[in-house]
Amino acid sequence: MKETNMNIIIQFFQRDLIPAIGAGIYEISVNKNGETRVLYIGESIFILVRCASHLYELNKNPGYFGFTEETIMDSSVKLKFRLLERVNKRDLRKKREKELIKEKVPLTQSGISDYQKSVEDKISALTSFLNSNFTKI
């Protein structure tokens, strides 16, 4: 198994680490030059464990969240994990997760339930965002 070198900045539940130990809904967003887009919304009974698993998968394969070998090396990119809501009951978590996906339209999710886009579509969506011209007026 090949691990990837990553230069992106990771913010892992900075303000809500302890609450993220339990069950709920989380968001992974990407920030570059002050602009932020939601990358992924998920739910878990153990949010911290699930998100650590996401980082492990990203380290193995940057395409997991739409990064390429080049974009994963961009130190101006920040990947932020944060708790959205604490929800203990699984059926309520799943329902709320789907609502938030529909509302926030994450870059890597298809919009059909909680399904992910293909790796190619994730890379295209994220690359488009990262290459956007963020000029401040």
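The values are calculated or read from the model by the stated rules, or taken from the named source; none is laboratory data. What you see is a predicted model, and the numbers here were worked out from it, not measured in a lab. Here Cβ is always computed from backbone atoms with ideal geometry, including for glycine, and neighbour counts include all displayed protein chains. With ligands, DNA and RNA removed, areas are computed over all heavy atoms of the protein, side chains included. Shrake-Rupley method; radii C 1.70, N 1.55, O 1.52, S 1.80 Å.
Okay, here's what the table says:
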| read-out | value |
| --- | --- |
| Accessible surface ranking that places the most exposed of F12, F129 first, with a 1.4 angstrom probe | F12, F129 |
| Charge sum, other residues only, whose C-beta stays under 13 Å from R93's C-beta, Lys/Arg counted +1 and Asp/Glu -1 | +2 |
| Relative contact order, percent, the chain [alpha-carbon distance under 8 Å, six or more residues apart] | 33 |
| Carbon/sulfur fraction of accessible area - the chain, other protein chains in place, 1.4 Å, % | 51 |
| Difference of contour (0.36 nm per residue) and Cα-Cα distance, N7 to K102 | 31.1 nm |
| Label-zone membership for the range 100-118, site Y56, 7 angstrom Cα→C-beta point, backbone N under 20 Å | none |
| Computed FRET value (nearest 0.05) for Q116 with K78, which takes r as the C-beta separation and R₀ as 25 Å | 0.75 |
| Local electrostatic count, N131, Cβ distance below 15 Å [Lys/Arg +1, Asp/Glu -1] | 0 |
| Bins of 10 Å from zero: percent of alpha-carbon pairs in the range 1-73 | 18, 50, 30, 2 |
| Per residue Cα convex hull volume in Å³ - calculated over the range 3-137 | 105 |
| Per residue, in Å², the accessible surface of the chain once ligands and nucleic acids are set aside, probe 1.4 Å | 56 |
